[in-house]
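Take a look at the structure below.
Nothing in this text is a laboratory measurement; each read-out follows from the coordinates by a stated rule. For clarity, every value in this text was computed on a predicted model and none was experimentally measured. Positions of Cβ are generated from backbone atoms using ideal geometry, with glycine treated the same way; all protein chains shown enter the neighbour counts.
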Amino acid sequence: MRVIAGLARGHKLTAPAGRETRPTGGRVKEALFSMIQPYLPNSRTLDLFAGSGALGVEALSRGAQCCDFVEQNRAAAEFVRENLRKTRLGGGEVFVGAAREFLEGCQKQYDVVFLDPPYHKGLCELSLELLEQRRLLATGAVVVCETSEDETPSAALRKIKESKYGAVKITLFTAD
């Protein structure tokens with residue numbers, strides 16, 4: 001797993017072994033970032049359910065101003081920190097804890113949000129609802145939901161794109 005483009009292009013990222021984290025595959029990541037590239041420069045970004053932090057690191061490499069990484073698993077959060085150190089990208093802050101608790105206590109607004117939770121647990125919908133209720137999305141923000149191909153995330157936000165890549169579905173929402 002490598003950073004695809006930007007300042008840290010080519011840097012190898014590490015991820016926890018096992019099935020607890022599910023790094024986004026290279027083909028999916030490349031397609032995803034080609035869809036959201038216009039939103040990234042100087043953006044305030046949130047990588048919820050961060051795992052290894054690959055999505056947030058890619059965003060920072062491509063010009064995001066800052067990225068908050070939220071990961072419940074302490075060991076995985078250490079991989080995020082290590083990936084930030086290895087790439088020497090500034091603007092990353094790692095929070096260890098549950099996504100719901102982070103969102104309920106958050107006072108920031110984001111321009112780009114990555115949601116890549118465990119599949120089939122309703123966590124995309126719950127996160128989308130909290131992002132809206134707590135007004136954590138800046139005007140024009142984009143939210144990226146990565147789910148299993150058989151899941152259909154829904155939100156009051158406007159859906160702007162949905163694409164399938166094998167067993168993975170990417171759905172983009174915007175906060176108009």
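Residues whose amide H falls under 5 Å from that of Arg2, counting only those 5 or more places apart or on a different chain, are Leu13, with hydrogens built in the peptide plane. Amide H to amide H distances under 5 Å link Leu137 with Tyr110, where only residues 5 or more positions off or on other chains count and H is placed in the peptide plane. Here the Karplus curve 6.51 cos²θ - 1.76 cosθ + 1.60, taken at θ = phi - 60°, turns the phi angles of segment 28-40 into couplings of 5, 4, 4, 5, 4, 6, 5, 6, 9, 3, x, 8, 7 Hz, with x standing for Gly and Pro.
Tell me, Tyr110, Tyr39 in order of fewest to most beta-carbon neighbours within 10 Å? Before the final figure, lay out the partial values.
Numbers: Tyr110 24, Tyr39 19.
So the residues, fewest neighbours to most, are Tyr39, Tyr110.
Amide H to amide H distances under 5 Å link Phe49 with Val70, where only residues 5 or more positions off or on other chains count and H is placed in the peptide plane. Across segment 87-104, rounded Karplus estimates of 3J(HN,Hα) from the backbone phi angles (6.51 cos²θ - 1.76 cosθ + 1.60, θ = phi - 60°) give 7, 6, 8, x, x, x, 10, 9, 10, 9, x, 6, 4, 4, 4, 4, 5, 5 Hz, Gly and Pro being marked x. Couplings 3J(HN,Hα) for segment 132-142, derived from phi with the Karplus relation 6.51 cos²θ - 1.76 cosθ + 1.60 (θ = phi - 60°), are 6, 4, 8, 6, 8, 10, 5, 4, x, 4, 10 Hz, where x marks Gly and Pro. Considering only the other residues whose Cβ falls under 11 Å of the Cβ of Ala98, what net charge follows from Lys and Arg at +1 and Asp and Glu at -1? Within the 11 Å Cβ shell, the charges total -2. Summed over qualifying helices (DSSP H, 4 residues or more, each -39500 (n - 2.57)) and divided by its residue number, the chain shows a 222 nm mean residue ellipticity of -8500 deg cm²/dmol.
Fewest neighbouring Cβ atoms within 10 Å first, the residues Thr14, Thr171, Thr45, Thr139 line up as Thr139, Thr14, Thr171, Thr45.
Could you tell me which of rounded, prolate or oblate describes segment 37-110, using a ≥ b ≥ c as the square roots of the eigenvalues of the alpha-carbon gyration tensor, with rounded for a/c under 1.5 and, failing that, prolate when a/b is larger than b/c and oblate otherwise? Judged from the Cα gyration tensor, segment 37-110 comes out oblate (a/c at least 1.5, b/c at or above a/b).
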